[in-house]
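One structure below.
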Amino acid sequence: MIATLPHEQVRRPFLYAAIIFGLAMVFFAASKATAAELKEHPHWSVEVKGGYFYPAADDWAAHYGSDKTWQFAGSLAYKLTRHIEAGIEGGMMQDQGAGSGQLSGTMTGKVDYALYPLNVFVLFRGVFNEEQFLVPYAGGGYTRMFYRQNIEGQGTAKGAVNGYHGRAGLQFLLDRIDVRSANNMYMDYGILHTYFFLEAQYISAKSDTNSGGTIDLGGTSYLAGFLFEF
């Protein structure tokens, strides 16, 4: 005589299997959703960068002892499309020297000089897929150049002039170098992509001097930094 199991015992393994299958499908769907989210297009970008600024003024080295000084900058931009973004960038250059004041043209002692460019820009990035390692970019726009020159024994001259700027560079995708860190950046901060980039930037911003001439407060910068897209 063949023994039979109660209906509850017959159904229980199928119930367990159904639960396991259901949990597996939920996990699979969640994984697919996460992967889809990671492939979504970013809408914002943030840059931090630094490097050297080479002033356009020919006599910069005579005033400050070198033909360059350091520069730091940061920007925030909104992506109008995946390829085009508009944003604002603030920066700072500063140096110390002795001799004649660059703006005043008079003989002085110690001179502290600082520039604060504020750039409003449109930028074009040559990105065609989210896994692209090398991305070229170029752009430019309006510049408002703020300056401050403190001349020992003569007070401080400060003001602002209008100008324009252009920039171009190459960015290198860092996501694949450390996939775990890239995923953590996304989960913790919503950052979709991280890039290292190299950039050249040109600024033209001319100001009148006390001697009746003009001087270009701009120059050329060579910068490196990090770009975060989210």
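Where a number appears in this text, it was derived from the coordinates with a stated rule and is not lab data. Given the structure is predicted, the values throughout are model-derived calculations rather than measurements. Glycine also receives a Cβ, built like all others from the backbone with ideal geometry; neighbour counts cover every protein chain displayed.
The magnitude of the dipole of the stretch 147-230, with charges of +1 and -1 set on the Cβ of Lys/Arg and Asp/Glu and taken from the Cα centre, is near 120 debye. Only Lys, Arg, Asp and Glu carry charge here, each on its Cβ (+1 for the first two, -1 for the last two); on that basis the stretch 42-229 has a dipole of about 220 debye about its Cα centre. Close amide H pairs (under 5 Å, H built 1.01 Å from N) link Trp70 with Phe53, Gln94, residues at least 5 positions away or on another chain.
Of the residues Tyr147, Ser181, Ala200, the one whose Cα sits farthest towards the positive end of the charge dipole of the stretch 121-230 is Tyr147 (charges of +1 on Lys and Arg Cβ, -1 on Asp and Glu Cβ, taken about the Cα centre). Pairs over the 22 Å Cα-Cα cut-off, from the set Lys49/Lys206; Lys49/Lys79; Lys79/Lys206: Lys49/Lys206; Lys79/Lys206.
In order along the stretch 86-96, the phi-based Karplus estimate (6.51 cos²θ - 1.76 cosθ + 1.60, θ = phi - 60°) of 3J(HN,Hα) comes to 10, x, 9, 9, x, x, 8, 10, 8, 7, 10 Hz; Gly and Pro are listed as x.
For the stretch 42-229, calculate the relative contact order in percent as a whole number, restricting contacts to Cα pairs under 8 Å that are 6 or more residues apart. The partial results should precede the final answer.
On the way: 503 pairs, mean separation 41.4, N = 188.
22 percent.
Note on the stretch 133-194: the alpha carbon radius of gyration divided by the globular reference 2.2 N^0.38 Å gives 1.95.
Calculated from the alpha-carbon coordinates, the stretch 42-229 shows an Rg and a Dmax of 19.0, 60 Å respectively.
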